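Every number in this text was worked out from the coordinates using simple rules, so none of it is lab data. In this text the structure is predicted, and so the values were computed from the model without any measurement. Cβ placement follows ideal geometry from the backbone for every residue including glycine, while neighbour counts extend to all protein chains displayed.
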Amino acid sequence: MARAFFGSVEYRVTVDRDLGDTWAVTVQPPPVKGIPSAPYIVKLQGNDRESATRGALEILQKAGRIDRFEP
């Protein structure tokens, strides 16, 4: 299971198959003071789960939403 981080905080990563070859990668920040945070969702096409996950996490890292990730 992939892991994403912002600073030292770990975000939960889930990957679901969408329509056809499309994958939905969701990165869920932890709640802040009990209030849930909005997830980051990236949908992209890929041949397999691993490549779609890596591509989505790279997009989020370049956008500054996460600092780093572990595939």
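Structure notes:
- Degrees between helix 49-62 axis and first principal axis of the chain (Cα, 0 to 90, nearest 10): 50 degrees
- Taking amide H atoms as placed 1.01 Å from N in the peptide plane, the amide H of ASP67 lies under 5 Å from those of PHE5, PHE6, GLY7, each 5 or more residues away in sequence or on another chain.
- For region 29-34, putting each phi into the Karplus relation 6.51 cos²θ - 1.76 cosθ + 1.60 with θ = phi - 60° gives couplings of x, x, x, 10, 6, x Hz, in residue order, rounded to whole numbers and with x for Gly and Pro.
- Sequence-distant contacts, meaning Cα pairs under 8 Å at least 6 residues apart, place the relative contact order of region 5-69 at 31 percent.
- Cβ-based net charge around LYS43, under 12 Å, with every Lys or Arg adding one and every Asp or Glu removing one: -2
- Under the simplified labelling scheme, the GLN61-ASP16 pair shows an inter-label distance of 2.6 nm, with each label point 7 Å from Cα along Cα→Cβ.
- Listed peptides 53-60, 29-36, 42-49 by packing density, highest first (mean Cβ within 10 Å): 53-60, 42-49, 29-36
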